[in-house]
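The values are calculated or read from the model by the stated rules, or taken from the named source; none is laboratory data. Keep in mind the model is a prediction, meaning the values are calculated, not measured. Neighbour counts run over all protein chains shown; Cβ positions are idealised from the backbone, glycine included.
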Amino acid sequence: MLRQEYPRPQFVRNDWLNLNGTWQFAFDDEKQGYQKKWMDRESSLDKLIEVPFAYQSELSGIHDESAHDVVWYKRSFDLKKEWMGKKILLHFGAVDYRCEVYVNEQLVGTHENGHVSFCFDITRFITDKDNVLCVRVEDPSFDESIPRGKQSWHEKPFGIWYTRTTGIWQTVWIEAVNESYLCDVKMTSDLDTMSEIFDFKVSDAAIGKTMEISISYEDELLVKDTMLILKQEFSRSINLIHNTVYRHGVHGAKHGWMWSPEVPNLFDVTFKIKAESVVDEVSSYFGMRKVHAEKGMVFLNNKPYYQKLVLNQGYWRKGLLTAEKDEDYIKDIQLMKAMGFNGCRVHQKVEDPRFYYWADRLGFLVWGECAAFPSWHKEAARRLMSEWHEIIERDYNHPSIIAWTPLNESWGVEDISWSAQQQNYALALYYMIKSKDPTRFVISNDGWEAVKSDLVGVHNYRHGQKEEVQKYSDFISNLKNKEGLITQLTAGHQVFAKGFGHEGQPILLTEFGGIAFDTTSDQGWGYTSVSDEESFLDDYRRIMKAVYASETLHGFCYTQLSDVQQEINGLLTFDHEPKVPVEKIKEINDMYHSLTIHQ
């Protein structure tokens, strides 16, 4: 059975049950599932599917790429006898797009938003044996108010659009907790004081009990702190220097404990709610790191840091948006690091928490993004805003994530260059995200037509011209004008929307390259094309040399990590295998920039 690893690696409990595997499944094209009472115990569905893979994928066992707007899932499960009397929580990693969840024929909850996790308390609906779980999913094929990202609205992939994903596409699982339990904890690092701030939310029954926090580094205990729980939401700040019981190397700790791609130091932390004994225990971790912008540069841990990113679409040949196994995330990150990249931009997708976990562990920067809606609509605007609230709630604690990108290339806000309404929406997204998470960069509209933004991301695939080096070098002088300018660099768009301009933010080239090179056939497309390995490396070297020669750019994001279906412009094949030796890409990525920061 695939995908059996713990699905929420930053909030780990021992008592859990994985519900991935073979489920009953049915298409409901005539929308008769309600009438036929498919949620009832006695009914059965006519197909089988392997969860958590979408029916469009090969790994689902169905592999049907045609549109089916309503689908049903069903399976039975038993609980451990020792769980009876506890609170039972049912978790879904992600279900695209709307769903209703039934347990033992009763509706336990609904959820909308196709890329984020959600949970229902099903305690009062279950017994210890023969429980029946049923999920009805709606994913309207032509509803342009739904955030879809790169999912095609045609039956087959085309252009830059890929096979759709409908239904369950991340792990389904159950956990058992006592009445007194930890609901959530947000962990915020203050690098300048070497303090960690914990914002807790607990169940009502936990009031009057104690919270114990144990922080360790490399298996040695640093801090043990205990407090009385007086309300459901409370905070605790712990200074790791002043409060440590660590007996070795404390004087060098302020520098040795920082998280970075080069040295991904992590602290292990355990939270225990106690009465006379432990009633809830959660294991987690955090990384001590800080990002900010200053003097037109990105700083990581108070030092200038040049970002070498690669665009990561997060698609796999057999699983589409869902990786076949946990090791696929490890392999991708290791390959990206081996090619000399220190981070990636996850594009038009909210990635599985297991990917972020391995980015934290292995040391890899991530720009978080979300699927865009296709065109402007008030309902689409509401849905995207709602999804961003849930994204930040789920992924706030990952040290690898250093930026949020709510909009890309004006997708869905196609009139933002002049429309005050759409500009205000982009500003609302920016300020909402900053209010929920002031620790990270927010790029309001990556590519062009930006409004308020912490970084300026510019897209340019018109590489190859003789004046390429000069173009990048002229960024600063052109960006000073409030009306935007530089239309020749951004596919006919201004860098800033009307009324907005450069305010000294770092400037990065966040999409470029896209050299097409297919090692198996001549099918597919890219922004330029080559026919052999030597030509590919020559073209990549020429493009990167122009980027590195710029005294204005303070980072880049190359397009892209892997081929995806008809797009053959990846550094890896669609099976995520290198097209050329990774050390040759690394040699180029390292050759023209020795971390000398241009002032």
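Does Leu191 satisfy the condition of being crowded, with 21+ Cβ neighbours inside 10 Å, touching a strand residue (DSSP E or B) at 6+ places or on another chain (Cβ under 7 Å) and not assigned by TED's automatic domain parsing to the domain that holds Val350? So Leu191 does not fit the description; no. If the condition is being charged (D, E, K, R), in contact with an Asp or Glu (Cβ under 9 Å, 6 or more places away or on another chain) and over 20 Å from Val346 (Cβ atoms), then segment 144-167 contributes Glu155, Lys156. For segment 34-48, filtered to residues that are of a type in the set (Asp, Glu) and in contact (Cβ under 8 Å) with a residue 12 or more places away in the chain, the residue that is farthest from Phe125 (Cα to Cα) is Asp46. Scanning segment 144-158 for residues that are among the small types (Gly, Ala, Ser) and free of Cβ contacts under 8 Å to residues at least 24 places away in the same chain turns up just one, Ser152. Does segment 249-257 include one or more residues that are over 34 Å from the mean Cα position of the chain (by Cα) and modelled with pLDDT of 95 or more? Looking for residues that are over 34 Å from the mean Cα position of the chain (by Cα) and modelled with pLDDT of 95 or more, one finds none in segment 249-257, hence no. Just give me the residues in segment 527-558 being assigned to a loop (DSSP other than H, G, I, E, B) and either of a type in the set (Gly, Ala, Ser) or in contact with a Phe, Trp or Tyr (Cβ under 7 Å, 6 or more places away or on another chain) (or both), in sequence order. Within segment 527-558, Tyr527, Val530, Ser531, Ser550, Thr552 qualify. Condition check for Glu276 on (1) buried (at least 18 other Cβ atoms within 10 Å of the Cβ); (2) in a loop (DSSP other than H, G, I, E, B); (3) over 21 Å from the mean Cα position of the chain (by Cα): one failure, at (1). Among the conditions (1) closer than 21 Å to Thr22 by Cβ; (2) at pLDDT below 95, Asp128 misses just one, which is (1).
Checking the stated criteria, Gln560 turns out not to satisfy the condition of being modelled with pLDDT of 90 or more, in the same structural domain as Asn445 (by TED's automatic domain parsing), in contact with a strand residue (DSSP E or B) (Cβ under 9 Å, 6 or more places away or on another chain) and surrounded by fewer than 21 Cβ atoms within 10 Å (Cβ to Cβ). Selection of first residues in segment 216-240 that are without any contact (Cβ under 8 Å) to a residue 60 or more places away in the chain and of second residues that are exposed (fewer than 12 other Cβ atoms within 10 Å of the Cβ), restricted to Cβ pairs under 7 Å at least 6 apart or on distinct chains, gives the following pairs, ordered by first then second residue: Leu221/Val245; Leu222/Val245; Val223/Val245; Ile229/Gly208; Gln232/Asp204.
Of everything listed in (1) of a type outside the set (A, V, I, L, M, F, W, C); (2) modelled with pLDDT of 95 or more; (3) in a loop (DSSP other than H, G, I, E, B), the single unmet condition for Gln24 is (3). Go through the residues of segment 209-224 one by one and say whether even a single one is part of a loop (DSSP other than H, G, I, E, B) and either in the same structural domain as Asp395 (by TED's automatic domain parsing) or modelled with pLDDT of 95 or more (or both). Yes.
Of all residues in segment 346-382, count the ones that are surrounded by fewer than 19 Cβ atoms within 10 Å (Cβ to Cβ) and either over 19 Å from Leu300 (Cα atoms) or at pLDDT below 95 (or both). The qualifying residues number 5. The set of residues in segment 288-339 being surrounded by fewer than 20 Cβ atoms within 10 Å (Cβ to Cβ), more than 16 Å from Glu577 (Cα to Cα) and either without any contact (Cβ under 8 Å) to a residue 40 or more places away in the chain or of a type in the set (Phe, Trp, Tyr) (or both) consists of His292, Glu294, Phe299, Lys303. Of everything listed in (1) assigned to a loop (DSSP other than H, G, I, E, B); (2) of a type outside the set (A, V, I, L, M); (3) in contact with a strand residue (DSSP E or B) (Cβ under 8 Å, 6 or more places away or on another chain); (4) not assigned by TED's automatic domain parsing to the domain that holds Thr210, the single unmet condition for Glu100 is (1). Among the residues making up segment 431-463, those that are buried (at least 22 other Cβ atoms within 10 Å of the Cβ) and of a type in the set (D, E, K, R) are Asp446, Glu449. Residues in segment 124-143 that are crowded, with 16+ Cβ neighbours inside 10 Å and either free of Cβ contacts under 8 Å to residues at least 60 places away in the same chain or part of a loop (DSSP other than H, G, I, E, B) (or both): Phe125, Ile126, Asn131, Asp139, Ser141, Asp143.
Considering only residues in segment 71-110 that are among the aliphatic types (A, V, I, L, M) and surrounded by 21 or more Cβ atoms within 10 Å (Cβ to Cβ), the one that is nearest to the chain's Cα centre (by Cα) turns out to be Ala94.
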